[in-house]
Amino acid sequence: MRVLSFSYCFPNRVNPTWGVFIAQRLVTLSQREKLQVCSPAPWFPVLSARRGDPGPEKDAWKELTVHRPRFFYFPGVFKNHDARFYAKGLSRWLREFCQVWRPDVLDAHFVWPDGVGVALLARELKIPYIITLRGKLYECLPIPSQREQCAAALQRASAVISVSGQLAGEARKLGVSDDRLVIIPNGIDREYFHSRDKRTCRKELGLPEEGRLLVTVAHLGHRKGHHEVIYALASLPDDVRLVIVGAPAQGGTPEMLRAVAREVGVEDRLILPGHQPYEKVPIYFSAADASVLASYREGCPNAILESLACGTPVIATDVGAVRDILSDPHVGRIVPPRKVGPLRKALADVLDNQWNSAEVIKASGVKSWDEVAQEVQKVLHKAAYSS
């Protein structure tokens with residue numbers, strides 16, 4: 001079977017970690033099926049010229065062949081037409097591509113713009129397609145035009161994969177029948193994410209060896225809820241420190257977070273190491289007594305899966321797939337988003353308990369990417385050969 005996967009969010013030379021969870025699923029799937037990737041690059045004359053050379057239109061990411069055709073778009077305006085520009089821009093490229101390597105199924109990794117754009121392309125070329133639903137859908141639902149376009153694309157798809165039960169519920173509201181809807185959460189790379197000695201990890205990272213550590217792995221944007229965690233930290237004992245691993249994003253900066261910490265008197269208990277290489281992330285999880293993710297919106301947050309795979313319990317807000325992942329109280333606690341009081345109480349509860357990493361790993365039921373690829377493969381086969 002030949003699979004052509006579409007994802008606007010995919011590692012590139014400028015941002016090698018962008019969409020790495022997409023790439024991990026596809027690398028593993030490519031070991032089972034013939035697979036290539038299309039990661040379209042938006043292009044606008046003046047803005048693109050200022051950004052410099054966008055790189056080659058075809059390259060590789062690990063074992064994957066990645067195509068990066070350009071498509072025209074208007075930055076900041078006409079956003080309801082992004083998916084149509086996507087399809088129009090890729091139409092000629094895809095027709096020519098199919099003359100050499102015609103896929104049996106198209107695999108879109110976000111409903112917008114990938115899924116809606118792919119739905120238009122698939123109808124033109126008479127190729128079945130599937131869409132994977134992630135947190136991006138939540139941005140489209142309040143916008144009538146985007147909601148309607150997403151609903152139409154989902155209804156025509158041969159199958160819809162949802163990374164969470166909550167997203168699956170939204171898909172049903174948009175008209176997706178249960179016989180075409182499958183819930184498959186993200187996976188983790190077991191080569192990196194496994195239990196390690198806490199003290200050794202703290203030494204390696206230069207973190208305090210005494211006291212208790214909370215760790216958050218997420219960009220510094222406001223919607224990740226870092227402010228609430230810092231406010232909650234102020235009510236916890238003085239031996240508790242917070243480590244936030246992530247780069248500035250969406251207006252959030254280290255300076256802003258330090259200002260919040262200074263305001264509530266915990267600046268000396270906030271550690272901001274910035275963006276870290278992928279291979280160091282599991283070391284941070286293993287160095288911590290617990291991890292926390294206080295996001296306002298998520299799809300299937302890999303930070304939670306990765307923490308659990310390291311045997312570190314998690315406190316997270318009730319968004320996206322969190323309720324699916326943390327359904328067992330032996331792996332952590334779920335709290336409402338944007339609420340400091342319940343968050344503080346849950347943090348104190350988890351920190352005051354003794355957690356066995358092996359038991360956390362066993363209770364979590366986190367899947368490897370290979371297990372995820374097996375499930376996705378079945379969906380793709382059904383879509384390709386039953387249409």
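Below are the figures for this structure:
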{"item": "Selection count where residues are within 21 Å of G19 (Cα to Cα), surrounded by fewer than 23 Cβ atoms within 10 Å (Cβ to Cβ) and of a type in the set (G, A, S), scope segment 264-294", "result": "1"}
{"item": "Residue among H275, H194, H227 that is farther than 13 Å from A287 by Cβ, part of a loop (DSSP other than H, G, I, E, B), at pLDDT 95 or above and not hydrophobic (A, V, I, L, M, F, W, C)", "result": "H194"}
{"item": "Out of A287, A261, A363, A321, sole residue that is under 19 Å from the mean Cα position of the chain (by Cα) and touching a residue at least 12 places away in the same chain (Cβ under 8 Å)", "result": "A321"}
{"item": "Failed criterion for A261 (all others in (1) buried (at least 16 other Cβ atoms within 10 Å of the Cβ); (2) assigned to a loop (DSSP other than H, G, I, E, B) hold)", "result": "(2)"}
{"item": "Evaluation of E204 against (1) surrounded by fewer than 24 Cβ atoms within 10 Å (Cβ to Cβ); (2) within 30 Å of G341 (Cα to Cα) (one fails), failing number", "result": "(2)"}
{"item": "Residues that are in contact (Cβ under 8 Å) with a residue 60 or more places away in the chain and not in a strand (DSSP E or B), drawn from segment 116-136", "result": "G117, V118, P128, R134, G135, K136"}
{"item": "Hey, E298 modelled with pLDDT under 95, in the same structural domain as V281 (by TED's automatic domain parsing) and crowded, with 17+ Cβ neighbours inside 10 Å or not", "result": "yes"}
{"item": "L308 within 17 Å of the chain's Cα centre (by Cα), crowded, with 24+ Cβ neighbours inside 10 Å and at pLDDT 95 or above", "result": "yes"}
{"item": "Total residues in segment 135-174, condition under 15 Å from the mean Cα position of the chain (by Cα), buried (at least 24 other Cβ atoms within 10 Å of the Cβ) and of a type in the set (G, A, S)", "result": "2"}
{"item": "Every residue from segment 1-45 that is among the polar types (S, T, N, Q) and part of a loop (DSSP other than H, G, I, E, B)", "result": "S7, N12, N15, T17, Q31, S39"}
{"item": "Residue list for segment 80-106, restricted to those being out of contact with any strand residue (DSSP E or B) (no Cβ under 8 Å at 6 or more places or on another chain), surrounded by fewer than 18 Cβ atoms within 10 Å (Cβ to Cβ) and within 16 Å of Q149 (Cβ to Cβ)", "result": "N80, H81, R84"}
{"item": "Sole exception among (1) surrounded by 15 or more Cβ atoms within 10 Å (Cβ to Cβ); (2) closer than 30 Å to H81 by Cβ for L233, by number", "result": "(2)"}
{"item": "Scope segment 247-298; condition closer than 21 Å to K339 by Cα and of a type in the set (G, A, S); matching residues", "result": "G252, A259, A261, G265, A290, S291, A294, S295"}
{"item": "Checking D53 against (1) modelled with pLDDT of 90 or more; (2) of a type outside the set (G, A, S); (3) more than 18 Å from V3 (Cα to Cα), the condition it does not meet", "result": "(1)"}
{"item": "Set A294, A358, A316, A309: member being of a type in the set (A, V, I, L, M) and over 21 Å from V217 (Cβ atoms)", "result": "A358"}
{"item": "Residue that is modelled with the lowest pLDDT, among those in segment 64-79 that are surrounded by fewer than 17 Cβ atoms within 10 Å (Cβ to Cβ) and either within 13 Å of F6 (Cα to Cα) or touching a strand residue (DSSP E or B) at 6+ places or on another chain (Cβ under 9 Å) (or both)", "result": "P75"}
{"item": "Checklist (1) within 24 Å of A373 (Cβ to Cβ); (2) modelled with pLDDT of 85 or more; (3) within 21 Å of the chain's Cα centre (by Cα) applied to P42, failing item", "result": "(1)"}
{"item": "Filter result (of a type in the set (D, E, K, R) and assigned to a loop (DSSP other than H, G, I, E, B)) within segment 320-360", "result": "D328, R338, K339"}
{"item": "Counted residues, segment 94-130 - those being hydrophobic (A, V, I, L, M, F, W, C), farther than 18 Å from E33 by Cβ and touching an Asp or Glu at 6+ places or on another chain (Cβ under 9 Å)", "result": "3"}
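The values are calculated or read from the model by the stated rules, or taken from the named source; none is laboratory data. Note that the structure is predicted; figures quoted are calculated from it, not measured. Heads up, the Cβs are rebuilt from the backbone with ideal geometry, glycines too, and the neighbour counts pull from every protein chain shown.
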